[in-house]
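The values are calculated or read from the model by the stated rules, or taken from the named source; none is laboratory data. Computed from a prediction, not measured in an experiment: that's the story for all the values here. Virtual Cβ from ideal backbone geometry, glycine too; neighbours counted across all protein chains shown. What goes into the accessible areas is simple: the full protein's heavy atoms, side chains included, and nothing from ligands, DNA or RNA. Shrake-Rupley method; radii C 1.70, N 1.55, O 1.52, S 1.80 Å.
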Number of protein chains: 2
Amino acid sequence: MSERAINFFPGPCTLPFECTEKLYAETLDYQNTGMSLWEISHRTPYFEDIHNAAIDLMHEVFEIPKDTHRVLMLGGGGTLQFAMAPMNVIKPGQFAEFVETGFWSIKAIEDAARVGDARVIASSKDDQYHHIPKGFAVNPDARYLWITTNNTIVGTEYHALPETGDVPIFADMSSDILTRRVDWSRIGMAFAGMTKNLGPAGMAVVIVRKDILEASRTDIPAYLQYKIHDEHNSLYNTPPMFCIAYMKLFLEWTRDQGGLDAMDKNADTRANMVYEVIDTYADYYQCPAAREDRSRTSVCFQLPTAELDKKFAADAKAAGMWGLAGHFMFGKCRASLYNGMPVENVACLVDFMHDFVKKNPA
Amino acid sequence: MSERAINFFPGPCTLPFECTEKLYAETLDYQNTGMSLWEISHRTPYFEDIHNAAIDLMHEVFEIPKDTHRVLMLGGGGTLQFAMAPMNVIKPGQFAEFVETGFWSIKAIEDAARVGDARVIASSKDDQYHHIPKGFAVNPDARYLWITTNNTIVGTEYHALPETGDVPIFADMSSDILTRRVDWSRIGMAFAGMTKNLGPAGMAVVIVRKDILEASRTDIPAYLQYKIHDEHNSLYNTPPMFCIAYMKLFLEWTRDQGGLDAMDKNADTRANMVYEVIDTYADYYQCPAAREDRSRTSVCFQLPTAELDKKFAADAKAAGMWGLAGHFMFGKCRASLYNGMPVENVACLVDFMHDFVKKNPA
């Protein structure tokens, strides 16, 4: 077994090693049945117990009230939710509003516009999405306001939910779920793809307010209906069992680390460590994100030249630190700091950043 | 490690143990990177090589011509394909035709009808779906004819593709994919959920003819477009990596066992062994499926009383044979015999069936 890598990949990303080890140890011969977990019917208590525990843990660890919200586990990843949310909720004659904060919000807006009336009411496009728009007015008739709580490519994040009156917020939390406490009374729907703070790729967790579920459409294909998945407790079809079993372990780990309070504190600690170097060498490590909107999980920065950006990621890799290049379509540099990232790994990055400035003057 | 179970579950089902062992051994510390495969970006050669190998192996092992058909790997399972196929292919003013052969075909028909003009042109409903309809005429203007090649609940299977002229066949092969050679010139689209002959749950493999892909809709949400997945080689979003990595190993295993010829022969051997007992005690093990349409992968039968059905599954379980009860909604008995099922396990079932008749006279 190699030493564990220092892994800043943006997702798939660092997962707690003990979860992976435990999953493998437990599932190869599940409960001494002579079968791996992947060979056992999902309609047996063997799997149902894991499935139900994963849902219960989402409620417990993320403090999602059971009386108002339901947790669904669906295949297709976060991307499918760009389609399912508007398909289920925007009926003919209705509309939803969107805040445009970059790449992922644009995908969500495009999909919603293919399905219904999707209105962008605030955007930071003029600023290349380097801040989170604020102070906009939400139409009280909107079915929901869509936000992307963390924007992985530009490195911005909502640190408070926007004011929306009675309009429920639909929140794409794919890259910062479980990093802070959420006021669920404001949330109509929230979701996240697996790969950051929940486990391996291949599923999305979707949290929906019960009244929105009740009113959701039943005239669309079965797999796309929230209501069908809810009525079957996310067992309408054979579910992504590996993702569910891993998520259970990751949520137990999250709880055992101290839950949301610990995740929140660690997110602060890690991000502050990197931003401190950035601010120390502000002309060298340029961070275009507005200071008050800086992301805690996606620290995006650029060096004085594109060549130095490339050298930074390459030298870091040579020093054992993976994944510091920016998004494959946009370049620059990025340190992704999700819940599974140990603080001591961030300390290595900080040392490297100090060193790199000295060795590579602009 | 326990002895390997004798596992007749209908899916999730028996998988080759060596594939699971190999996957675990290879992926915990992938290529000595200090990362599990689930922590490595899907946009690196580490994962891309596996991804591309899985697609190439589908072409190779299932003998799918690369010049006419494309292989996609999509989240959401087979069930999502009930929606995606009609959404992509039936445009306004167009229609598709369907053969109704039971539970899974009904789900496909219901979803297609929510999306477009779906016409049932043949059904065995009057016969409780105990045979495969034949001799029907396909409208040459139909976009496709939909069939469910194997019907897991009633135990029927197409042993030849129906005559359709120039109309392409869309085939749900979820429960008999890779059990026989297919004439790809007849197939417009074929798909299967993972859990029978491909690997663990959480994905579907979709095979689409290129001209149908080219003509598919681009005004539906992104994740639902075949074309977007194809243009991104099934890497539009973070894919279900575990399923893909497992499928690669399962296809290598399939190839190394002798490929389609061996799978076809083994399917015959296994099914014949069980049907022989059934026919020997035809008044006891009643098999309502028409003889010429008997499924090779889903051998469905019922005993003289519902009590004996239950006792059969329970006594088999006590004798170490899992999963012989029928579908959780329909009952009776069923032996699921997929590619991963060793012939010697079927021999145990055959012995048990002989013995059960003697011990439990009607």
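Listing for the model above:
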| read-out | value |
| --- | --- |
| Per residue accessible area of the protein assembly as shown, 1.4 Å probe, in Å² | 36 |
| Stokes-Einstein D in µm²/s, Kirkwood radius over Cα pairs - segment A:1-92 at 10 °C with 1.306 mPa s viscosity | 95 |
| Residues losing 40 Å² or more accessible surface upon assembly, segment A:173-219, compared with the chain by itself, 1.4 Å | A:Ala201 |
| Computed Rg/Rh of segment A:231-295, alpha carbon atoms with Kirkwood Rh | 1.24 |
| A versus B: buried accessible surface, summed, Å² (probe 1.4 Å, to nearest 100) | 5200 |
| Kirkwood Rh (inverse of mean 1/r, distinct Cα pairs), chain A, angstrom | 21.3 |
| Fraction of accessible area attributable to carbon and sulfur, segment A:1-127 (%, probe 1.4 Å) | 47 |
| Whole-Å semi-axes of segment B:112-158's equivalent ellipsoid (Cα gyration tensor) | 21, 13, 10 |
| Average beta-carbon neighbours from other chains, 10 Å sphere, peptide A:16-26 | 3 |
| Probe 1.4 Å - accessible area at A:His159, Å² to nearest ten | 80 |
| Directionally averaged shadow of segment A:300-362, computed from the convex hull of its alpha-carbon atoms, nm² | 4.3 |
| Relative contact order of segment B:275-331, defined on C-alpha pairs under 8 angstrom at six or more residues apart (%) | 23 |
| Per-residue average of Cβ from other chains inside 10 Å of B:36-49 | 6 |
| Peptide-level mean, for B:109-115, of C-beta atoms on other protein chains within 10 Å | 3 |
| Chain-alone versus full-assembly comparison, segment B:315-362, residues with accessible loss of at least 40 Å² (1.4 Å probe) | B:Trp322, B:Phe328 |
| Relative packing of A:313-321, A:11-19, which averages over residues the other C-beta atoms within 10 Å, highest first | A:11-19, A:313-321 |
| Surface accessible to a 1.4 Å probe, B:Lys227 within the full protein complex, Å² | 40 |
| Residues of type lysines that B:Lys134 reaches as a straight line, Cα spacing below 24 Å, ignoring anything fewer than 8 places off in the same chain | B:Lys107, B:Lys125 |
| Value of Rg to Rh for segment B:226-362 (Rh from inverse mean 1/r over Cα pairs, i.e. Kirkwood) | 1.10 |
| Other-chain or far-sequence residues with amide H under 5 Å of B:Asp117's (modelled H) | B:Ala96 |
| Carbon and sulfur %, accessible surface of segment B:154-195 computed with the full protein complex present, 1.4 Å | 51 |
| Cβ-defined net charge surrounding B:Asn150, 11 Å radius [Lys, Arg +1; Asp, Glu -1] | 0 |
| Whole-Å distance, taken between Cα centres, linking segment B:30-99 and segment B:102-168 | 24 |
| Part-to-part distance (alpha-carbon centres) for segment A:317-361 and segment B:237-253, which is given in Å | 30 |
| A:Ala325 long-range amide H proximity, modeled H, under 5 Å | A:Arg334 |
| Binned Cα-Cα distances of segment B:184-225, short to long, each 10 Å bin given as a whole percent | 25, 41, 32, 2 |
| Whole-Hz ³J(HN,Hα) from phi, Karplus 6.51 cos²θ - 1.76 cosθ + 1.60, for segment A:102-114, glycine and proline x | x, 2, 6, 5, 5, 4, 5, 5, 4, 5, 4, 5, 6 |
| Contact order relative to length of chain A, as percent, for alpha carbon pairs under 8 angstrom and 6 or more apart | 22 |
| Carbon and sulfur %, accessible surface of segment A:214-362 computed with the full protein complex present, 1.4 Å | 51 |
| Greater than 31 Å apart at Cα, pairs in A:Lys196/A:Lys358; A:Lys22/B:Lys66; A:Lys332/A:Lys358 | A:Lys196/A:Lys358; A:Lys22/B:Lys66 |
| Per DSSP, loop GluC sites (Glu not before Pro) in segment B:255-362 with at most 16 further Cβ within 10 Å | none |
| Column: log10 I(q)/I(0), Debye, Cα scatterers of the protein assembly as shown, q = 0.06, 0.07, 0.10, 0.11 Å⁻¹ | -0.36, -0.50, -0.99, -1.17 |
